[in-house]
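Undergrad: Quick one: the structure is below, and I'll ask about it shortly.
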Amino acid sequence: MLTILYRDPQLIAIDKPAGLLTHRSDIDRHETRFAVQMLRDQIGQHVQPVHRLDRGTSGVLLFALDAAARRALGAQFERNEVRKRYLAVVRGWPDESGSIDHPLSRQHDDYGAPLKNQAPQDARTEYRRLACVELPIAVDRYASARYALLALNPLTGRRHQLRRHMKHIAHPIVGDATHGKGIHNRFFKQRFGCDRMLLACTELAFRHPFRDESICIRAPLGDRFATVVERLGWADDARRHWELQNS
């Protein structure tokens, strides 16, 4: 059963687990479980996704319960008026904070046909380093392995933006099979039993489409992500970040 984080007559949000598709994909035709179908069956009502999370990403996933709400919220996302915050574990130690302004070409749509001859789109991401660790283990070509816990704030909404931007600055997200590095992904699976991508949407904030009200929906870290954070000694850093979000 999906965890419901928020619900009113027009909207519903869930805490999507890693590994679950938002809805049916042409690429993953063999899959039989989708968030749209599972939520519809759970609440006995038609739902329409307002945005998407990658299959490997966990966290806040928002749905509209009618077409008018879907259109109004979709417009907020298109105008980049929705605040989105993520936590990620990355390879290496990025600067304590930074801004990535790197246009991204449009990629193959996992839910439809390939996109061709498309000009790069503006894409901007802000990040802040919450914690870092150096393990005395030669995972790659160095004698030790460095990792960091980041808070990520995408200012635009391009496909796989956070994953591609972190790769662009040479700090790929651990567990990312497409944009990451396999040797580090395998290390986390062997050492921590974690075979998921370490990226989670922890907050979504927007204006309610029919009420003069700001809505902020948050999801705590769960399952294997929380275990990795605990074992790397970052639980207090993640907790302080969570308390800051809720203050």
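The values are calculated or read from the model by the stated rules, or taken from the named source; none is laboratory data. From a predicted model like this one, the values you see are computed outputs, not experimental measurements. Using ideal geometry, Cβ is built from the backbone for each residue, glycine included, and neighbour counts are taken over all protein chains shown.
Undergrad: If you check Cys201, Cys216, Cys194, which single one turns out to be in contact (Cβ under 8 Å) with a residue 12 or more places away in the chain, under 22 Å from Lys167 (Cα atoms) and in a strand (DSSP E or B)? Explain how you work it out, then say what you get.
TA: On the way: Cys216 fails: under 22 Å from Lys167 (Cα atoms); Cys194 fails: in a strand (DSSP E or B).
The conditions single out Cys201.
Undergrad: Looking for something modelled with pLDDT of 95 or more, more than 19 Å from Arg218 (Cβ to Cβ) and in a loop (DSSP other than H, G, I, E, B) - is there at least one such residue anywhere in segment 8-19?
TA: Yes, segment 8-19 has at least one match.
Undergrad: Another question about this same structure. Report, by residue number, each residue of segment 70-93 that is touching a residue at least 60 places away in the same chain (Cβ under 8 Å), of a type in the set (A, V, I, L, M) and not in a strand (DSSP E or B).
TA: Residues satisfying the conditions are Ala72, Leu73, Val82.
Undergrad: May I ask you to list the residues in segment 196-231 that are of a type in the set (Phe, Trp, Tyr), closer than 24 Å to Val50 by Cα and surrounded by 15 or more Cβ atoms within 10 Å (Cβ to Cβ)?
TA: Answer for segment 196-231, where residues must be of a type in the set (Phe, Trp, Tyr), closer than 24 Å to Val50 by Cα and surrounded by 15 or more Cβ atoms within 10 Å (Cβ to Cβ): just Phe206.
Undergrad: Then there's this: Check off (1) over 19 Å from the mean Cα position of the chain (by Cα); (2) surrounded by 19 or more Cβ atoms within 10 Å (Cβ to Cβ); (3) on the phi > 0 side of the Ramachandran plot for Gly193 and give me the number that stays unchecked.
TA: Here Gly193 meets the rest and fails (2).
For (1) assigned to a strand (DSSP E or B); (2) surrounded by 13 or more Cβ atoms within 10 Å (Cβ to Cβ); (3) basic (Lys, Arg), each residue gets a yes or a no:
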{"site": "Ala119", "(1), (2), (3)": "no, no, no"}
{"site": "Glu126", "(1), (2), (3)": "yes, yes, no"}
{"site": "Arg129", "(1), (2), (3)": "yes, yes, yes"}
{"site": "Ala143", "(1), (2), (3)": "no, no, no"}
{"site": "Ala148", "(1), (2), (3)": "yes, yes, no"}
{"site": "Asn153", "(1), (2), (3)": "yes, yes, no"}
{"site": "Gly157", "(1), (2), (3)": "no, yes, no"}
{"site": "Leu162", "(1), (2), (3)": "no, yes, no"}
{"site": "Ala170", "(1), (2), (3)": "no, no, no"}
